[in-house]
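For reference, the structure is listed below as structure tokens.
Taken together, the values in this text are just the output of simple stated rules run on the coordinates, not laboratory data. The structure displayed is predicted, hence computed values, not measured ones. Neighbour counts are summed over all protein chains in view; Cβ atoms, including those assigned to glycine, are modelled from backbone coordinates with ideal geometry.
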Amino acid sequence: MDDPRGPVSVLLPPALVKLFPGACPRVDMRAGSVRDVIDTLDARWPGMRYRLCDSTPRIRPSINVFVAGRRAHLGTRIDPGVEVAIITAIVGG
């Protein structure tokens, strides 16, 4: 049976890449949803899920995930060939 998940490119923010030795700013993987992306990132770099999600689980307020330029959540489906960007939110006053 074919894997229903398609190839996607995930862009990671520099602050996150620095925290995980061996992490790259761009990661290519197979994923069908944002949850798959986070599962794969955490499998490659244990602890990354904690940096991206809270315990509910939900994407942390300080993190933004965009799929094909649109804001996404864990259940957002990802079409093959689409780019996923993970961005740290800018906070302050």
inquiry  = Here are the criteria: (1) closer than 15 Å to LEU19 by Cα; (2) surrounded by 15 or more Cβ atoms within 10 Å (Cβ to Cβ). Tell me which single one TYR50 does not satisfy.
reply    = (2)
message = Suppose we filter segment 14-69 for residues that are more than 18 Å from ILE90 (Cβ to Cβ), free of Cβ contacts under 8 Å to residues at least 24 places away in the same chain and among the charged types (D, E, K, R); how many remain?
response = 8
